[in-house]
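In what follows, a single structure is set out as structure tokens and then discussed.
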Amino acid sequence: MPPLIWGKDEEQVRKAVGEALNARNVAFLLGAGCSSMRVKGKECGIPTMAPLAKTFCAHPTIEFDENLDLVEPPKWALVADDVEFLGRLGAKLKGTEYEKNLERLMELLHSLRFVFARSDIAEHVERKAKIEGLIAKVQNFLWEHRTDGAFAHGDGSVLALYESFYRKLVMRDRSLPRPWVFTTNYDLFNERAMDRLGVPYANGFSGVVERRFNPATFRYALAEQLDLSNRKWTAVDSFIYLCKLHGSISWTEDDHGLFPIRETVPQDVPGKVMIYPTPAKQNSSLGSPYADLFREFQSRIVREQSVLITAGFAFGDEHLNNIIYQALTIPTFRLIVFADPDSTGEIAKLIALKDPRIWIIGGDGPVEGSRAHYFDTIVEHFLPQRPPERIDDAVRLVLETFGRKSGEVENGI
């Protein structure tokens, strides 16, 4: 499938995507690439797995600040003893796949823990404890990079992009089923964007003070009453179903109830429920809440006249891939993948199928350094441009012009 040529193909792609969004059942699958945005070389969001792996595996040497004081490394940082320990087990970090993909390192660590946990040899007991410490370091590293960054210190670039995405998505025809957004990301960009826009959504949790996971909420719809006397109702247009397939930094677990999963914001420690990249992803997905979440994903995309649009997703999750491949056995299913046309692995296999129901969209972007498959290009150029967007801009201008300034509020004006 040839790459998109900007200035020639984008209008055709925009029309095709617009038609696909009018299908009866529409779902998006947003991966790590959607929460990453580099502006002038600076990461404004959350790095994808490759740069994260490079950062983690580059264990620090002794560093000094300008005053020649020692700079204390973060708690998750690998030290020389960690690297030597892995080396003795035959796992070198430098120049290997672990330096490019943190999932491979986690697979190794969990596999080693599995072996050592089933041995009563004293040396293996010690090694198990060491492995668990390394796993904790990776988990803390992932937690830190998903909760702290430019986006947590005033940079709203990524959040604004998510707002633009949902602003366009909610304009779907009310006669069609509400759209679903599935994501493998742990971050809260989706929730914050919809909250800021006032877009109601179902994310599998119910309650106010104690929000607990309840899969029945995915069966709920939001409606407004038109006639109080005749009990006439109509579905609310701007409603989204959000399904976080790998958990969230706002989730934790306790020992209460049938579904002991709580949603708490903000969290100040790593959640206990998040699926970190491990070889047990498939097995972890069999337990609640993941069994329910993956069941929803399968249920939504295997329906007749369904369209799945993936963005920022590299098809590195075997469980999700299998569900998508099952959907491809349904003649009316369509798959739109925003990805680099030169990708290898599973995406290359999809390209090789030459299936007319599979569209791989990628190539050069509108400006130098941009790419057609980046989330900002998708949102700004390929999702349908709706007239109400101009109304949203006008409303925002009124609020900015006539709304209270923060200083006025503080002074009691």
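With a simple spin-label model that places each label point 7 Å from the Cα along the Cα-to-Cβ direction, the separation between residue 144 and residue 111 comes to 2.7 nm.
Calculate the FRET efficiency for residue 8 and residue 385 from the Cβ-Cβ distance with a Förster distance of 25 Å, rounded to the nearest 0.05. For residue 8 and residue 385, the calculated efficiency is 0.85. Distance between the modelled labels on residue 121 and residue 364, one decimal in nanometres: 5.9 nm (7 Å Cα→Cβ projection).
Under the combined filter of DSSP loop state and at most 14 neighbouring Cβ atoms within 10 Å, segment 178-241 retains these GluC sites (Glu not before Pro): 210. Straight-line reach from residue 94: which lysines have Cα under 27 Å away, leaving out those fewer than 8 places along the same chain? Cα-Cα hits under 27 Å: 42, 54, 75, 128, 130, 137, 281.
Approximating the spin labels as points 7 Å out from Cα along Cα→Cβ, the residue 325-to-residue 42 distance works out to 4.3 nm. Express the carbon and sulfur contribution to the solvent-accessible surface of segment 47-148 as a percent, rounded to the nearest whole number, probe 1.4 angstrom. Roughly 53 percent, rounded to a whole number.
Size of the dipole of segment 47-148 about the Cα centre, Lys and Arg at +1 and Asp and Glu at -1 on the beta carbon, nothing else charged, in debye to 20?
Working: 14 positive and 18 negative charges, 126 e Å.
The calculated dipole for segment 47-148 is roughly 600 debye.
The values are calculated or read from the model by the stated rules, or taken from the named source; none is laboratory data. Not measured: the values here are computed from a predicted model. Counting neighbours? That spans all protein chains shown, and the Cβs are built from the backbone with ideal geometry, glycine included. Accessible surface is based on the protein model in full, side chains and every heavy atom, while ligands, DNA and RNA are left aside. Shrake-Rupley method; radii C 1.70, N 1.55, O 1.52, S 1.80 Å.
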